Amino acid sequence: MQQLTGLDASFFYLETPRTPMHIGGIMIYDPATTKTGKQGFKDILNAIEERLHLARTFRQKLVEVPFSMDHPYWIEDKDFDLEYHVRHIRLPEPGDWRQLCIQTARLHARPLDMSRPLWEFTVIEGLDAIAGLPKGCYAIVTKVHHAGIDGVSGVDLVEAIHDLEPYPESVRPAQRPWTGERVPNPVELIVRAQLNNFTQPFRLAEVLARTVPAVGRLTQGLARREFEGASVRPPRTRFSRPVSAHRVIESRQFDLQEVRAIKSNVSGATVNDVVLTVCGGALRKFLESKHELPDEPLVAMAPISVRSEEGKDAMGNQVSAMTVALGTHIADPLERLDAVHHSAAASKEMTNAVGAKLLTDYSQFIPSTTAALAARAYTQMGLANQMNVPFNCVITNVPGPQVPLYSAGARLVTQHGLGPIFDGMGLIMPVFSYCGHINISFTSCREMVPDPEFFAQCLQDSFDELKQACGLEGDRSGVAEAS
């Protein structure tokens with residue numbers, strides 16, 4: 001048994017039928033590298049089965065503590081059924097990009113079965129009309145609950161089913177034979193909860209001891225005005241309302257070398273600053289078209305991994321966050337990049353002063369009953385209409401490998417991210433990089449973004465304007481094109 005942290009459990013508590021809290025992606029494969037040039041569903045199933053031991057998330061399910069007296073636990077599911085978690089469908093003709101997005105949005109909108117391990121893979125065939133992809137390609141749409149993984153451990157889950165060559169000589173063997181665990185009885189869980197509550201003050205004392213120097217660093221930084229621009233109050237937008245149960249997703253692909261060339265136009269700017277600027281420009285165009293562009297800049301929450309090398313294979317969320325003003329009030333794309341860079345730099349300085357991990361440690365000390373009741377009251381009472389979330393959207397950047405990956409012999413061509421939304425925060429933009437490209441995707445509510453293709457075009461136009469402002473020629477970006 002392994003207990004969820006306070007941060008992990010918060011994603012479980014936020015789960016409602018309208019707001020499933022799983023993350024995932026669209027991974028598209030070319031089976032030309034397989035032994036037969038075609039891919040069978042059984043081949044995919046067998047390849048996943050022989051790698052189940054490489055990621056703990058695959059076979060662990062949640063057990064709740066009675067009356068929410070403590071955070072839930074993970075246990076090994078003795079009734080694990082791989083074929084329940086890996087499904088198989090096909091798009092009708094013509095099988096284009098928009099059809100894939102619509103089908104993926106339907107899959108992503110459906111909550112996971114909380115009585116089983118919290119993940120699903122859906123193999124989708126029939127992608128024969130997507131620009132830049134050879135015929136015969138297929139996709140795997142992934143769903144994994146956010147209570148079990150963050151962006152970095154999610155990458156580890158993807159790594160578990162991939163190799164650096166189509167058919168490696170061997171897969172790393174399991175250290176011991178796998179066996180499931182019995183479900184603990186309610187009395188046992190209540191006793192554990194009481195013991196945890198008894199030791200809580202001692203753990204809190206250790207965190208408080210690390211807080212004192214952090215407060216000193218923060219006070220000194222504020223006195224020296226090192227954090228100016230780090231804290232910006234977000235305006236209310238259409239994304240600040242309660243969300244529906246319906247989802248939309250879209251994505252655009254950009255050349256990584258062009259992104260690196262753009263960042264060199266502003267001293268100290270990073271690839272992430274360029275990504276944030278492109279997203280800010282897209283939001284400006286989208287809201288301007290609706291006559292809803294606020295005078296104040298929209299604010300994004302950008303997760304920061306605090307996962308150590310030792311915790312690389314651990315389940316759960318090990319993230320903190322910073323907020324960045326996206327410069328949506330600035331028309332000039334280069335001026336926007338400069339503003340985003342300075343906002344991100346100030347926010348990083350403040351986060352470093354406090355200590356990113358320290359910010360997450362305090363989530364451990366919110367009583368589980370309080371956390372569960374607060375999360376449910378927030379959604380059931382419609383509090384998103386009365387109070388502001390401290391950011392308008394989430395933009396999460398997950399660096400990926402720049403060398404080809406293979407699964408069941410098929411080459412991974414491209415991948416696009418999916419994320420959860422909730423009341424008051426109706427837009428998340430996952431960013432994946434792979435093999436010389438960066439894919440900026442978005443997940444939103446269908447009522448908030450009824451025209452996802454237009455929003456995706458806003459991303460493209462924002463990037464093109466930024467590229468033009470930097471004097472870069474040519475346009476090598478596209479919907480889902482593969483190199």
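Values quoted throughout were computed directly from the atomic coordinates according to the rules given, and no laboratory measurement underlies them. Since the model is a prediction, treat every value here as computed from it, not as a measurement. Glycine gets a Cβ as well: all are built from the backbone with ideal geometry, and neighbour counts include every protein chain shown.
Structure values in brief
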{"quantity": "Dipole magnitude (debye, nearest 20) for the range 2-189, charges at Cβ of Lys, Arg, Asp, Glu", "calculated": "360 debye"}
{"quantity": "Semi-axes of the equivalent ellipsoid for the range 2-189, Cα gyration tensor, largest first, Å", "calculated": "32, 21, 13"}
{"quantity": "Long-range HN-HN contacts of residue 88 with modeled amide H, under 5 Å", "calculated": "123"}
{"quantity": "Computed FRET value (nearest 0.05) for residue 335 with residue 451, which takes r as the C-beta separation and R₀ as 41 Å", "calculated": "0.90"}
{"quantity": "Within the range 230-277: Cβ-based charge dipole about Cα centre, in debye rounded to nearest 20 (Lys, Arg +1; Asp, Glu -1)", "calculated": "380 debye"}
{"quantity": "Gain upon complete extension [residue 38, residue 169; 0.36 nm per residue less C-alpha separation]", "calculated": "45.1 nm"}
{"quantity": "Surrounding net charge for residue 51, when Lys and Arg each add one and Asp and Glu each subtract one, Cβ distance under 10 Å", "calculated": "-3"}
{"quantity": "Cα-based equivalent ellipsoid of the range 24-93: semi-axis lengths in Å, sorted from largest, via gyration tensor", "calculated": "34, 14, 11"}
{"quantity": "Approximate spin-label separation residue 190-residue 83, in nm, with each point projected 7 Å along Cα-to-Cβ", "calculated": "4.1 nm"}
{"quantity": "Net length gained if the chain between residue 135 and residue 176 were fully extended (0.36 nm per residue, minus Cα distance)", "calculated": "10.6 nm"}
